[in-house]
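The values are calculated or read from the model by the stated rules, or taken from the named source; none is laboratory data. This is a predicted model, so every value here is computed, not measured. Reconstructed Cβ throughout: ideal geometry from the backbone, glycine too, with neighbour counts over all protein chains shown. Surface accessibility is based on the protein's heavy atoms, side chains included, excluding ligands, DNA and RNA. Shrake-Rupley method; radii C 1.70, N 1.55, O 1.52, S 1.80 Å.
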Amino acid sequence: LFRSVDFLHSAMAVPTFAAWAALYGKVYNGDESTREAIYNANIEYIQQNNDDGTMGVTQFMDLTLEEFKAQYTGLKGSSIPAGKAYLGRHTYSGAALPDDVDWSTKGAVSPIKNQGSCGSCWAFSTVGSLEGRAQLAKGNLEQFSEQQFVDCDTTFGDQGCSGGLMDQAFQYAEQADLCTEASYAYKGAAGACQASSCTTGLKSSDITGYKDVDATEEALAEAVAEGPVSVAVEADTVFQFYKKGIVKTNFCGANLDHGVLVVGYGVESGNKYWKVKNSWGTVFGEAGYIRLAKGKGGKGECGILTGPPSYPIISSSVSV
């Protein structure tokens, strides 16, 4: 069931295509040979590019790069200008910053979710920021509905499963009460808007607006020290095969195609990293998270500094 493959820095057992398909419950209707060829090509890609040791055999091994991008990313902007919800840019104040931050251990991050093969990453990133910032403002972690954004956010340029952008979604949230996830569950496909019959988890009047973050390591670190931050990254070159560790490569660029959530940062064995919450379920990476190198400068690892990063401003007062 296994064959030995030298992954540049260490030899590891790689499952045969049949063993891998059984492990992930993959069933094909006459397409096995095509998928096996893609699987083997992806194994070869990992062999050639795993210089930081973070890649391995994942659930996405039977997909081409184009198929993977189409099914599991979904970042897409529009030419619609920012409206009154835009409150300017977060620039680094010069204040001393903590050495490490992790909101996922402090009650401000909901459990890992799964967007499925709907291009709704933007909605999950947006909801993650809203959940975290609302918890920090009000003291309780309420989970909000990604499906509401997929179905109802059509005014500001977002396109459901066909893609969207967090800044645009924050504009929607500033003028529409947000449903709880429990009352408006995620379906992984677009449908008719059902927001009129849901339970409100956060009133639009509690959302003052949103800010973008300057494209510097210090500005993003300061913003993350205050709460989770939505970011855009290039996911096609690394994320598909990420298993564990801190991604630090020379080939993950800034062709942004995926929305995720920075929930903290830290240092491991002298290597600085951003802790990023993804929306592909807990089987992805480090129990649903990925760590990207911090301190790289420029556009940041996988373009993390350039989206630009953004987050909502939420009132600490309780609406009645």
>> Just to check your reading of the model, which residue among G94, G119 is under 14 Å from the mean Cα position of the chain (by Cα) and in a loop (DSSP other than H, G, I, E, B)?
In response: G119
>> Just to check your reading of the model, which residue among L63, L97, L87 is touching a Gly at 6+ places or on another chain (Cβ under 8 Å) and of a type in the set (A, V, I, L, M)?
In response: L87
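Being under 28 Å from G160 (Cα atoms), assigned to a strand (DSSP E or B) and either open to solvent by less than 70 Å² (accessible area, probe 1.4 Å) or out of contact with any Lys or Arg (no Cβ under 8 Å at 6 or more places or on another chain) (or both) narrows it down to one residue among G88, G77, G25, G83; which is it? Break it down stepwise before answering.
Details: G77 fails: assigned to a strand (DSSP E or B); G25 fails: assigned to a strand (DSSP E or B); G83 fails: assigned to a strand (DSSP E or B).
Among G88, G77, G25, G83, only G88 is under 28 Å from G160 (Cα atoms), assigned to a strand (DSSP E or B) and either open to solvent by less than 70 Å² (accessible area, probe 1.4 Å) or out of contact with any Lys or Arg (no Cβ under 8 Å at 6 or more places or on another chain) (or both).
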>> Just to be sure I understand, how many residues within the range 42-52 are open to solvent by 40 Å² or more (accessible area, probe 1.4 Å) and either closer than 12 Å to Q240 by Cβ or β-branched (V, I, T) (or both)?
In response: 1
> How do the pairs read when you match residues in the range 84-112 that are modelled with pLDDT under 95 with residues anywhere that are part of a loop (DSSP other than H, G, I, E, B), using Cβ under 9 Å and keeping only pairs 6 or more apart or on different chains?
Replying inline: K84/E174; A85/E174; A85/Q175
>> Restricting to the range 158-192, count the residues that are farther than 18 Å from P309 by Cα, open to solvent by less than 40 Å² (accessible area, probe 1.4 Å) and in a loop (DSSP other than H, G, I, E, B).
In response: 4
>> Considering only residues that are open to solvent by 20 Å² or more (accessible area, probe 1.4 Å) and closer than 12 Å to C179 by Cβ, which ones fall in the range 109-152?
In response: E142, Q143
> In the range 259-299, which residue that is under 14 Å from the mean Cα position of the chain (by Cα) and open to solvent by 40 Å² or more (accessible area, probe 1.4 Å) is nearest to R89 (Cα to Cα)?
Replying inline: K275
> Only one residue in T200, T216, T208 is open to solvent by 10 Å² or more (accessible area, probe 1.4 Å), of a type in the set (V, I, T) and farther than 21 Å from T91 by Cα. Which one?
Replying inline: T200
>> Considering only the range 300-313, I want to know if a residue exists there that is aliphatic (A, V, I, L, M), open to solvent by less than 10 Å² (accessible area, probe 1.4 Å) and part of a loop (DSSP other than H, G, I, E, B).
In response: yes
> Could you say which residue among T54, T58, T64, T34 is β-branched (V, I, T) and over 24 Å from the mean Cα position of the chain (by Cα)?
Replying inline: T34
> What number of residues in the range 270-289 are more than 19 Å from S117 (Cα to Cα) and either assigned to a strand (DSSP E or B) or of a type in the set (S, T, Y) (or both)?
Replying inline: 7
